[in-house]
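Below: the structure, in structure tokens.
The values are calculated or read from the model by the stated rules, or taken from the named source; none is laboratory data. Treat the numbers as computed from the prediction; the structure is a model and nothing was measured. All Cβ positions, glycine included, derive from the backbone under ideal geometry; neighbour counts span all protein chains shown. The protein model used for the area step is the full one, side chains on, heavy atoms only, and it has no ligands, DNA or RNA in it. Shrake-Rupley method; radii C 1.70, N 1.55, O 1.52, S 1.80 Å.
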Amino acid sequence: MIIDNSKTKSISQASELQWQFVRDKLTVQQVEQWQSLEKKLAFTSASGSYLFASNADKLVNTPIIYALGYIKGELTIGLPLTIKPISSSQQSNCISFQCLQIISHDHLDFFVANGQQNFEVNGLLSSLVSACRKQLKGWHMLLARRWFFQQLPEQRYRSLSYVRKAAFYDIKDKAEIKQFVPKKLVKNLLRFERKLAVNGEVIELSTFTAKAEIESSIEDFLKLESSGWKGKAGSAISKNKPLREFYQNCWSGFSETGNAVVYLLKRNERTIAAAIAYKNSDTLFLHKITYDESLSEFSPGSIMIKHILDKQLGDKQIVKVSFNTNPPWINRWHPQIDELHAIQCFNYNIKGWLLKLIFRTTDKLKLIKRARKAKS
């Protein structure tokens, strides 16, 4: 993670935060403050943006609560929350409870709150949890999965057994892809690309950032994804109307702020791989990747990634490329790894104390089991 530490405020300033929880739509002024904060920051993720929060109703069936943190009247942090009922059938502990959650989704699963780098992590979490306990009623457990922090939060704020990984490359000061991608892999991809172009075909990466281009190229992405196994299984984005609208609305909006990117790798005029990405300052997040499965023996998706990395090395604006998750295939690329944690806190009520006992005990048992497995 690349952050200008000179911009990080101290824990004492986190204690000055005044929290406001908005259950209705934000006012025009509040929206402008949130978006202005995004522009000032060196780093945030798509899931920390206002566009994500305002379109999250397409992904969740519970009302959105906007948590706004102010210092001396200036908005310094904002994040979307929701209270989700968890039934006994969803949990092995057989307790129904109200879970206060950060809005997240498997399709946007790298969370950075808008403004969090302005604060030391434990001071921020202490302030947020305290405000939630005082101002929000009816919840028992606060849970925020896949949250990225520069520093590891204290144990009292996180699940000890939960860690997810997100692959990335730091390409700062790199001149060519062979400096950080295995040379053998690069050699193989160049060989596959030559085979795809054996009859004079042109293999070319097209990059789209303008609004009209984004809307059109996302349709190309959806069509290609739907043509493969995801389309047959019904899990393609285009098969889920709310999810499709979410991507279309968010990336159309991101294009207006310069944060949206869609890549299409073409063989002559035919799209053989595509990627939907989010760009913030010096970081590029590759959210979704798809490829023509009829050409899988030539690894068109990997060829596209190589082209994307080459492009970023060329323009020097991006210094970090994040894959958002850590899929098995990425191991061949030898990436660096970010750790994503789960913030897990409990309210001061009877069910909250009971859940704390259950979840903390479960965490310890999981750690013991892992330690024994590692020794055997």
>> From the gyration tensor of the Cα coordinates in the range 135-177, what semi-axes in whole Å does the equivalent ellipsoid have, largest first, with each one equal to sqrt(5λ)?
In response: 34, 12, 10
> Excluding Lys351 itself, what net charge comes from residues whose Cβ is under 14 Å from its Cβ, given Lys and Arg +1 and Asp and Glu -1?
Replying inline: +3
> Given N residues in the range 111-167, what is Rg(Cα) / (2.2 N^0.38 Å)?
Replying inline: 1.18
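How big is the chain by the Kirkwood estimate over distinct Cα pairs, in Å? Provide the component values of the computation, followed by the final result.
Numbers: mean 1/r = 0.0450 Å⁻¹.
It works out to 22.2 Å.
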>> Give me log10 I(q)/I(0) at q = 0.29 Å⁻¹ for the range 294-333, Debye formula, one equal scatterer per alpha-carbon, no solvent.
In response: -1.09
> How large is the accessible surface per residue of the chain, computed with a 1.4 Å probe and reported in Å² as a whole number?
Replying inline: 48
> Using the eigenvalues of the Cα gyration tensor, what equivalent ellipsoid semi-axes result for the range 47-88 when each is taken as the square root of five times the eigenvalue, whole Å, largest first?
Replying inline: 24, 13, 7
>> Given the C-alpha atoms of the range 216-345, compute the convex hull and give its volume per residue in Å³.
In response: 157
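Considering all projection directions equally, how large on average is the shadow of the alpha-carbon convex hull of the range 17-82, in square nanometres? Each step should come with its number before you reach the end.
Details: hull surface 17.4 nm².
Convex hull of Cα atoms, orientation-averaged projection: 4.4 nm².
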> Volume per residue, Å³, of the convex hull around the alpha-carbon atoms of the range 69-207?
Replying inline: 225
>> Pairs of alpha-carbon atoms within less than 8 angstrom and 6+ residues apart define the contacts here; what relative contact order does the chain have, in percent?
In response: 22
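Over 30 Å between Cα atoms: which of Lys40/Lys320; Lys165/Lys364; Lys172/Lys364; Lys174/Lys195 fall into that group? Could the numbers behind the result be given before it?
Details: Lys40/Lys320 18 Å; Lys165/Lys364 21 Å; Lys172/Lys364 39 Å; Lys174/Lys195 28 Å.
Exceeds cut-off: Lys172/Lys364.
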>> Please give me the summed charge of the neighbours of Ser159: other residues whose Cβ is under 10 Å from its Cβ, Lys and Arg +1, Asp and Glu -1.
In response: +3
> For helix 300-315, what angle does its Cα long axis make with the longest principal axis of the chain, in degrees from 0 to 90 and rounded to 10?
Replying inline: 80
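Using the Cβ atoms and a cut-off under 15 Å, what net charge is assigned to the surroundings of Lys316, where Lys and Arg are +1 and Asp and Glu are -1?
Values: positive: Lys172, Lys174, Lys279, Lys311, Lys320; negative: Asp170, Asp173, Glu176, Asp282, Asp310, Asp315.
Once positives and negatives cancel, what remains is -1.
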>> Over 16 Å apart: what share of the alpha carbon pairs of the range 275-376 falls there, rounded to a whole percent?
In response: 73
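With n ≥ 4 as the cut-off for DSSP H runs, can you work out [θ] at 222 nm for the chain, using -39500 (n - 2.57) per run divided by the number of residues, rounded to the nearest 500? Could the numbers behind the result be given before it?
On the way: 10 runs with 131 residues, N = 376.
Rounded to the nearest 500, it is -11000 deg cm²/dmol.
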> Could you give the length gained on full extension between Gln29 and Asn240, defined as 0.36 nm per residue of separation minus the Cα-Cα distance, in nm?
Replying inline: 72.7 nm
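Report D for the range 170-253 in µm² per second (integer): Stokes-Einstein, Kirkwood Rh on Cα pairs, 37 °C, 0.692 mPa s.
Working: Rh = 16.0 Å.
Answer from the Stokes-Einstein relation: 206 µm²/s.
Rg over Rh of the range 146-300, using C-alpha atoms and the Kirkwood radius, what does it come to? Mind dumping the intermediate values first?
Working: Rg = 18.1 Å, Rh = 17.9 Å.
We get a ratio of 1.01 for the range 146-300.
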>> Give the separation of the Cα centroids, the range 227-281 to the range 301-333, in Å.
In response: 17
